[in-house]
1. Restricting attention to segment 262-299, report how many residues are touching an Asp or Glu at 6+ places or on another chain (Cβ under 7 Å), farther than 13 Å from Val333 by Cβ and not polar (S, T, N, Q).
2. For segment 442-462, which positions are surrounded by fewer than 23 Cβ atoms within 10 Å (Cβ to Cβ), of a type in the set (A, V, I, L, M, F, W, C) and free of Cβ contacts under 8 Å to residues at least 60 places away in the same chain?
3. Which pairs turn up if I take residues in segment 21-39 that are assigned by TED's automatic domain parsing to the domain that holds Gly83 and look for partners that are in a strand (DSSP E or B) and among the polar types (S, T, N, Q) with beta carbon separation below 8 Å, at least 6 apart in sequence or on another chain?
4. Return the pairs, sorted by first residue and then second, in which the second residue is assigned to a loop (DSSP other than H, G, I, E, B) and crowded, with 20+ Cβ neighbours inside 10 Å, the first residue lies in segment 84-109 and is outside the structural domain of Trp228 (by TED's automatic domain parsing), the beta carbons are less than 6 Å apart, and the residues are 6+ apart or on different chains.
5. Quick one: Phe299 ticks every box in (1) part of a loop (DSSP other than H, G, I, E, B); (2) surrounded by fewer than 17 Cβ atoms within 10 Å (Cβ to Cβ) bar one, so which box is it?
6. Going through segment 116-163 one residue at a time, which ones are more than 20 Å from Tyr431 (Cα to Cα), hydrophobic (A, V, I, L, M, F, W, C) and surrounded by 13 or more Cβ atoms within 10 Å (Cβ to Cβ)?
7. Restricting the search to segment 220-236, which residues are buried (at least 19 other Cβ atoms within 10 Å of the Cβ) and outside any loop (DSSP other than H, G, I, E, B)?
8. Hey, which of the strands (runs of 3 or more DSSP E) in segment 1-60, taking only ones fully inside, have at least 3 residues that are modelled with pLDDT of 95 or more and surrounded by 14 or more Cβ atoms within 10 Å (Cβ to Cβ)?
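The values are calculated or read from the model by the stated rules, or taken from the named source; none is laboratory data. Everything quoted here is computed from the prediction, not taken from an experiment. Virtual Cβ from ideal backbone geometry, glycine too; neighbours counted across all protein chains shown.
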Amino acid sequence: MVSLPVMAAAIVPDGTNDMTRVIMEASKHGGEVELGEGVYHFWAESAKPMEVYISNHDQPMPRKIQLPFCGVEDLTLRGKGAGAKFIFHGESTGMLFMDAKRVRLEKVSLDWAEPPISEARLVGLPVNGKVEIDWIVRGCDGMKGDARMLWDRKTRAIKPGTGDCFEWTQAKMGDVMSVRTWDRPSPAICLYRAEDVEFKDVAIHSAHGMGLLAQRSKDIAWKGGGVWPRQGSFCSTKADATHFSNCRGRIVVENARFEGIMDDAINVHSTCLKIEEKLDGGRIKCRYMHPQAIGFEVFGPGERLRFIKARTLENGPETTVSSVETLDARTVVLTLEDAEVGAEYIAGDAVENADFQPEVDFCGNTVRNNRARAALFTTPGKVRVKGNTFDRVSGSAILLAGDASNWYESGACTDVEISGNRFLNCLTSSYQFCNAVITSAPSIPDLAAQKTPYHRNIRVFDNVFNCPDAKLWDGISVENLEWRDNRETPE
């Protein structure tokens, strides 16, 4: 039997009326959905409540999912002309692609009518504890929240030394103050058990969490577009622009723009679980440790498990998982094919999925005026960071991380190339692990006892640095670091 291609459906926006039902109906059988140029509104009343755990976010249940594309295959959503502008009303996950295959999203932008971050221009410095301001963006939390930063109105960068908190002596008339809480309930887009997904010329202008969160997914590409503030604003997403947790295959992010984000432009890692108890019959009871990373599958039957020594973060032997029993959102029992493997690993050590650790290409991008780091990698797959511009990143431009004691984000790097990049005015504020423009800072409780370095084969060459007074490299637990043909020069 020959299957015929699904013909394209055409949709046009309808004023401020809710477009949820129209788009979901047109998309349910896959095929190409043509989105006419204009603004599409999605109202909170039409969001679908779903019990979905999303990595590296808070876990409000049920979640509100505005556009849940579950089980779709061969779906293309393509904006025409200047593109389709999606405006969401109320806190929610804008788009969920779950158990989806071969999905394309093109020339679509996402924004929230009432974003979570407040921004105000200072028109009067404090007098008797009161500050005179002009609102730029009145976020949904108003002036609540203790994460406050100052922005230079002309350069649109975070003012040096004001990341996350500042003193009023650092402020001057005309500066912009941003205020937010540390909550991160929902990403703009979530991929969950999705395969072969491409975003082309997609833009995200705000989100109540990350821009794109991908988990348990394979082969993802983001080309063009990016994450940046709406017109006139300074801030975009409340957390990372793109984040890949427990993915596999190849991740490509290229020729995109990331600006005004409250955390990393890209973060790639596995989630490891703590061994809680060794049981009989080759079974181990494991626990998800960080409250923002629970409930989703870290292991499946037939997948490889790797042991990790928690005190030294040294990788151990591998074996295969034969079955997974989920006791609750934070506890699983794994049965191993070979009960003898990892016998010396005890309660308190950790295990990671050795199959869900992707290759990454982060090339030709511009990361500008963001908080914390620009790029964070914790994966043994090949990592290529080439031809990017890191401009006024207020923390480290690149961080190689890893731990089995706090975030439980693992995946020792084995092959990293950082070449042909420009680093401009980075590391102007102090953040966790940000010791230099390029930093290796895995969390190792007993570094003196470590016999095998965590990261290896890091090559940094043909880059240009213009980061006055900033240390260019700082690293621990690295084997075979190559640093050559890099230039320090003002531009």
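1. Adding up the residues that qualify gives 4.
2. Hits for segment 442-462 are Ala448, Val460, Phe461.
3. Short answer, once both residue conditions are applied: Gly31/Thr76; Glu32/Thr76; Val33/Thr76.
4. Qualifying pairs under 6 Å: none.
5. Result: Phe299 fails condition (2) only.
6. Hits for segment 116-163 are Ala120, Leu122, Leu125, Val131, Ile133, Ile136, Val137, Cys140, Met143.
7. Of everything in segment 220-236, those that are buried (at least 19 other Cβ atoms within 10 Å of the Cβ) and outside any loop (DSSP other than H, G, I, E, B) turn out to be Ile220, Trp222, Gly226, Val227.
8. In segment 1-60, the matching strands (runs of 3 or more DSSP E) lie at 31-35, 38-42.
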